[in-house]
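Here is the structure we will look at.
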Amino acid sequence: MKKIDVVLGLQWGDEGKGKVVDVLTPNYKVIARFQGGPNAGHSLHFGDTSFVLRTVPSGIFREGSINIIGNGVVVDPVSLTEELTSIAAQGIDVKSKLFISKKAHLILPTHRQLDAASEAAKGKSKIGSTLRGIGPTYMDKTGRNGLRFGDVLAADFIDRYNRLKSKHTEMLAQFEGFEYDITEYEQKWMEGIEYLRGFRFIDSEHEVNQYIEQDVAILAEGAQGSMLDVDFGTYPFVTSSNTVCAGVCTGLGVAPTKIGDVYGIFKAYCTRVGSGPFPTELFDETGKELARIGHEFGAVTGRPRRCGWLDLVALKYAVMVDGVTGLIMMKSDVMDDFDVVKVATAYKVGGEVVDHLPYELNDEIEPVYTEFKGWKTKISDIRRYEDFPAEFKTYVEFIERETGVPVKIISVGPDRDETIVR
Ligand code: GDP
Ligand code: IMO
Ligand code: MG
């Protein structure tokens with residue numbers, strides 16, 4: 001094949017990427033993250049074990065896997081060290097399984113403070129950031145001021161760190177009334193850097209292309225979702241990286257012609273955490289039911305996720321921009337008891353019905369729904385597509401027709417085993 005396959009989220013994040021990557025890993029030798037950072041929270045469940053991964057690729061628990069943090073990722077040494085020490089405590093030899101790109105940018109303690117200060121200054125129009133320093137770090141990257149993992153090896157690393165830190169300190173002084181103290185975090189940060197020196201820093205673009213050339217099965221794992229992409233998401237309520245498939249090319253250094261299968265993950269309904277437009281959001285009992293049954297609380301921040309019906313207008317847009325070749329539907333089991341299940345197939349904008357995503361998703365947009373009869377069956381024990389109730393198959397096949405893409409995997413519960421591959 002000599003290609004790299006991709007798994008990415010098609011909505012506003014938290015679609016279940018961690019679970020899917022963990023399920024797919026037996027088919028892949030190498031798993032690589034290409035963007036984002038510790039704003040991600042990817043949950044894995046197997047047997048009695050549960051884990052939330054933030055920067056480490058979700059292949060880490062599989063025997064013999066190689067996991068790469070690509071150049072497009074931004075890394076907080078504190079968060080990564082915490083993550084790796086807790087994985088190592090499970091008896092996993094992390095040092096032989098995880099490699100870090102020298103070109104991945106470092107999140108400084110002051111980047112986190114800049115994130116907090118900027119959000120506080122925005123007041124009501126805040127993004128609802130996870131406050132992990134993601135935006136300010138990518139700003140320094142594109143502003144050509146950033147520090148990269150490879151810089152850790154330089155003799156004057158601490159000087160470079162201090163220069164960037166003092167630039168940030170000046171910027172923070174502009175935020176009136178913003179107080180902060182990074183003493184403790186900075187110490188942990190430096191300890192993290194020392195710990196991470198024990199890992200292999202790699203020229204990841206060379207390694208990734210070698211794997212592709214040698215026909216080693218390799219999977220790129222996305223973070224966030226396409227509707228949070230800095231170019232194509234609901235700007236400015238987005239994250240600061242390209243979460244769409246094109247991000248694989250820039251975030252790992254692979255050519256577009258090397259992209260293989262693109263698996264697009266979506267929840268059978270929709271969620272969003274943080275601020276920003278969400279046309280199918282439900283403010284009624286049904287929305288509360290989705291949140292309750294789906295345990296819709298952020299894996300990183302614990303914030304409640306906003307819930308609503310599946311939005312096919314947005315989903316089709318993501319399928320187009322990402323070039324999705326196979327869909328993966330998650331959390332269908334959450335709607336097992338629903339009498340009616342709805343899907344937005346168009347929007348009404350100023351009296352006019354449109355079926356494409358408009359430039360701006362403002363409050364005037366009204367979703368146009370298609371209704372389906374609920375399946376009223378506990379589907380989490382089902383393991384073959386044939387055994388699903390007819391109403392459920394109608395729902396799946398409608399989504400396939402509308403998007404023009406087959407639903408290849410259906411997830412009916414958080415565990416590895418609760419998965420149907422068609
Ligand atoms: P990610 O960020 O895309 O990896 O997703 P998260 O881990 O943040 O959120 C997905 C949540 O849904 C996690 O708590 C998963 O354990 C859970 N989950 C994944 N798939 C399913 C499923 O099919 N059914 C149910 N009920 N929960 C699921
Ligand atoms: P995973 O990989 C859901 C959201 C935040 C906020 C916006 C910007 O677990 O799907 P940032 O911290 O990037 O400045 O936040 O993006 N956000 C996510 N929402 N899942 C995520 O990651 C997210 N990462 C960021 O809530 O609205
Ligand atoms: Mg998540």
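The values are calculated or read from the model by the stated rules, or taken from the named source; none is laboratory data. Since this is a predicted model, take the numbers as computed values, not measurements. Heads up, the Cβs are rebuilt from the backbone with ideal geometry, glycines too, and the neighbour counts pull from every protein chain shown. Ligands, DNA and RNA are stripped out before the accessible areas are found, and what is left, the full protein with its side chains, is counted by its heavy atoms. Shrake-Rupley method; radii C 1.70, N 1.55, O 1.52, S 1.80 Å.
Summary table
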| item | result |
| --- | --- |
| 222 nm mean residue ellipticity, helices alone, for the chain (DSSP H n ≥ 4; -39,500 (n - 2.57); rounded to 500) | -9000 deg cm²/dmol |
| Whole-number percent relative contact order across the chain, with pairs defined as alpha carbons under 8 Å at least 6 apart | 20 |
| Qualifying lysines (Cα of each under 16 Å from Cα of LYS373; at least 8 residues distant if same chain) | LYS342, LYS393 |
| Chymotrypsin sites (Phe, Trp or Tyr not before Pro) restricted to the range 313-379 and DSSP loop, no more than 12 other C-beta within 10 Å | TYR359 |
| Exceeding the 29 Å Cα-Cα cut-off - candidates LYS288/LYS348; LYS103/LYS408; LYS3/LYS267 | LYS103/LYS408 |
| For the chain, diffusion coefficient by Stokes-Einstein and Kirkwood Rh (Cα), 20 °C, 1.002 mPa s, µm²/s | 97 |
| Cβ-placed point charges (K, R +1; D, E -1), dipole of the chain about Cα centre in debye, nearest 20 | 800 |
| Paramagnetic label zone (point 7 Å from Cα along Cα-to-C-beta, MET320; backbone N under 15 Å) in the range 222-243 | 227, 232-234 |
| Amide H partners (placed H, <5 Å) of GLY36, local residues excluded | VAL74 |
| Mean separation of Cα contacts under 8 Å, 6 or more apart, over the residue count of the range 55-139: relative contact order % | 30 |
| Accessible-area value, ARG306, 1.4 Å probe, nucleic acids and ligands omitted, Å² | 60 |
| Apportionment of accessible area to carbon and sulfur, the range 284-369, percent (1.4 Å) | 51 |
| The range 402-411 - phi-based ³J(HN,Hα) in whole Hz, Karplus 6.51/-1.76/1.60, Gly and Pro as x | 5, 8, x, 10, x, 8, 8, 9, 10, 9 |
| Most mobile listed residue (PRO406, PRO136, PRO109) in the chain, GNM with C-alpha springs under 10 Å | PRO406 |
| Hits among aspartates and glutamates - C-alpha to C-alpha of LYS17 under 18 Å, sequence gap 8 or more where chains match | ASP5, GLU83, GLU221, ASP229, ASP261, GLU296, ASP322, ASP333, ASP415, ASP417, GLU418 |
| Extension reserve of the VAL421-ALA120 stretch, reckoned as 0.36 nm per residue once the Cα distance is removed | 103.9 nm |
| Cα lying deepest toward the dipole's positive end in the range 301-363, options GLY350, PHE338, CYS307, charges on Cβ | CYS307 |
| Note, ³J(HN,Hα) from phi for the range 346-361, Karplus 6.51, -1.76, 1.60, rounded to Hz, x at Gly and Pro | 7, 10, 9, 10, x, x, 9, 8, 10, 10, 10, 6, x, 3, 10, 9 |
| Surface share of carbon and sulfur [accessible, 1.4 angstrom probe, percent] for the range 378-422 | 49 |
| Solvent-accessible heavy-atom area per residue, rounded to whole Å², over the chain at 1.4 Å | 42 |
| Fully extended contour minus Cα-Cα distance, from LYS393 to VAL216, at 0.36 nm per residue | 60.2 nm |
| At R0 = 35 Å, FRET efficiency that the Cβ-Cβ distance of PHE175 and VAL349 yields, to 0.05 | 0.40 |
| Gain in span if fully extended, ASP203 to ASP93, counting 0.36 nm per residue against the direct Cα distance | 37.5 nm |
| In order through the range 47-56: 3J(HN,Hα) via Karplus (6.51 cos²θ - 1.76 cosθ + 1.60), integer Hz, x for Gly, Pro | x, 8, 9, 10, 9, 10, 9, 10, 10, 6 |
| Average Cα contact separation per residue, the range 213-299, under 8 Å, 6 or more apart, as relative contact order % | 17 |
| Efficiency of FRET between GLU371 and TYR235 - r from beta-carbon atoms, R0 35 angstrom, step 0.05 | 0.65 |
| With every protein chain in place, the range 141-277: carbon and sulfur % of accessible area (1.4 Å) | 49 |
| Accessible area in the full protein assembly, largest first, 1.4 Å probe, for SER118, SER96, SER101 | SER96, SER118, SER101 |
| Hypothetical label at THR301: residues of the range 231-272 whose amide nitrogen lies under 14 Å (7 Å Cα-Cβ projection) | 237-240, 272 |
| Sites ARG384 and GLU360, calculated FRET efficiency, Cβ-Cβ separation with R0 41 Å, nearest 0.05 | 0.40 |
| Amide H contacts under 5 Å for GLY128, placed H, 5+ residues apart | SER275 |
